[in-house]
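Right, one structure below, let's go through it.
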Amino acid sequence: MSPAAPHAEIHRTIDAVWRMESARVIAGLTRMVRDVGLAEELAQDALVAALEKWPETGVPDNPGAWLTTTARNRAIDRLRHLRLREQKHVEVAYELEQWQEQAGERDESLLDDPVGDDVLRLMFIACHPVLPPESRVALTLRLLGGLETGEIARAFLASEPAIAQRIVRAKRTLAEGNVPFEIPRREELPERLSAVLGVIYLVFNEGYAATSGDDWVRPALCEEALRLGRVLAGLMPREPEVHGLVALMEIQASRLHARTGPDGEPVLLLDQDRSRWDRLLIGRGLEALEHARQLGGTLGPYALQAAIAACHARAPTAADTDWARIVALYDALVQLAASPVVELNRAVAVSMASGPEAALESVDALRDEPKLANYHLLPSVRGDLLFRLGRLDEARVEFERAAELAGNARERTLLLQRAAQCTA
């Protein structure tokens, strides 16, 4: 990009680069400085430097490498000027200088590393058992998922201040407990697997249906989540839920091109042109799902969701969808991992299998659920059921309520259009 490009355009580019590259930058820095808080601070310093320099010099050809190099140099400068009272600071400073001198050479310390991917490695490190499960996921999403605190809060159906405090407490717990930021041994990976799978899943979901911003989908997040899932499947090939999650993401990702119209507007599942679904990704997903089944045992939550996605993928048209099978799969999912969101999704399937009247009672029962108080899809689903029942005035109120709660601009527009249809 030319140095003469308008500053606003370069700032938008920097924002996009940061979203794509911050996870790798922080992960690489954590491996060097062994302190996730310091790594995040150094990465932010590099971002500030980019905001100052790129409008004058232009965006470099490899912006991720520029951010990493800048942050690494600042780490070296900072540690050189510390009083270095503690021996660990001396060791880290020495190691950083070795990194500087041996740039481009293979890091021999990684020969015993069972993970082999900077971002995935830091996910396992940050998902330390000393933290409560939800804190592990929230912290890792903030550091490595490319998600803002508000986006994480919507994923957890929690308030933004509550999530911010959860992340702060997680960092403090790790710091006060002197938790070493080192690669867990291979036998320790399974106890951290659930949290890592949760992070990858939530990153993918944010890419598949963005909770904020002006874009309905964020394909880069889906691609990164898929990449991490595939690496993880190679690392832990005997874990059925890893393959279940990969299957779910592959099949869901196959619809990305069909999820938006020519102007970026949302296209809902039943209205999508299925000829635009990526058959290669569907094939990969079905293969991963079959692999999860062959490993034996009861299908876990991710594999069950993948089986639901497979029902859609196998149907040539929306009318051919086996909704009865989907309801049965949701019944199994409710037994295994009940949540208000799963119940809401099951109600949608029931409405397609047995009609809107059959589902409305279940949806109404969720209206008093505290976790769904500000969840825009609850009034959205209820509005759709009421619309199909011909209760248009009530449907309009629900769609307007859903639009008020929606954080994504594209989704808000769609909901307001549906509200307008009720008075047309």
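For this structure, a couple of remarks:
- Extension gain for residue 293-residue 265 works out to 6.4 nm (0.36 nm per residue, less the C-alpha to C-alpha distance).
- Rounded to the nearest 20, the size of the Cβ-charge dipole of the range 208-338 about its Cα centre is 380 debye, with Lys and Arg at +1 and Asp and Glu at -1.
- Considering only alpha-carbon pairs that sit under 8 angstrom and 6 or more positions apart, the relative contact order computed for the chain is 11 percent.
- Alpha-carbon centroid distance for the pair the range 211-245 / the range 255-326, whole angstrom: 15
- Over the chain, DSSP H runs of length four or greater, each weighted -39,500 (n - 2.57), average out per residue to a 222 nm ellipticity of -22500 deg cm²/dmol.
- Each peptide in 247-258, 305-316, 413-424 was scored by the mean count of other Cβ atoms within 10 Å over its residues; highest first, the order is 247-258, 305-316, 413-424.
- Placing +1 on the Cβ of every Lys and Arg and -1 on the Cβ of every Asp and Glu, with nothing else charged, gives the chain a dipole about its Cα centre of roughly 300 debye.
- Angstrom value of the Kirkwood radius, inverse mean 1/r, which spans all Cα pairs in the range 356-424: 11.8
- Cα-centre dipole for the range 356-424 with unit charges at Cβ (Lys and Arg positive, Asp and Glu negative), debye to 20: 280
- For the chain, the alpha carbon convex hull comes to 163 Å³ per residue, rounded to a whole number.
- A simple rule links phi to the HN-Hα coupling: the Karplus curve 6.51 cos²θ - 1.76 cosθ + 1.60 with θ = phi - 60°, which for the range 223-232 gives 5, 5, 4, 4, 4, 5, x, 5, 4, 5 Hz, with x for Gly and Pro.
- Across the range 208-314, C-alpha contacts under 8 Å between residues 6 or more apart give a mean separation that, scaled by the residue count, equals a relative contact order of 32 percent.
- Other residues whose C-beta falls under 11 angstrom from the C-beta of residue 173 contribute a net charge of +4, scoring Lys and Arg +1 and Asp and Glu -1.
- Simple rule: put +1 on each Lys or Arg Cβ and -1 on each Asp or Glu Cβ in the range 265-424, find the dipole, and look at 313, 399, 379; the Cα lying farthest toward the positive end is 313.
- Placing dummy labels 7 Å off each Cα toward the beta-carbon, the span from residue 332 to residue 186 is 3.1 nm.
- Across every pair of non-identical alpha carbons in the range 203-299, the mean reciprocal distance, once inverted, gives a Kirkwood radius of 14.0 Å.
- Selected from 233, 210, 252, residue furthest toward positive end of dipole (the range 208-338; charges at beta carbon): 233
Every read-out reported here was derived from the displayed coordinates using simple, explicitly stated rules and does not represent laboratory data. Note that the structure is predicted; figures quoted are calculated from it, not measured. Neighbour counts run over all protein chains shown; Cβ positions are idealised from the backbone, glycine included.
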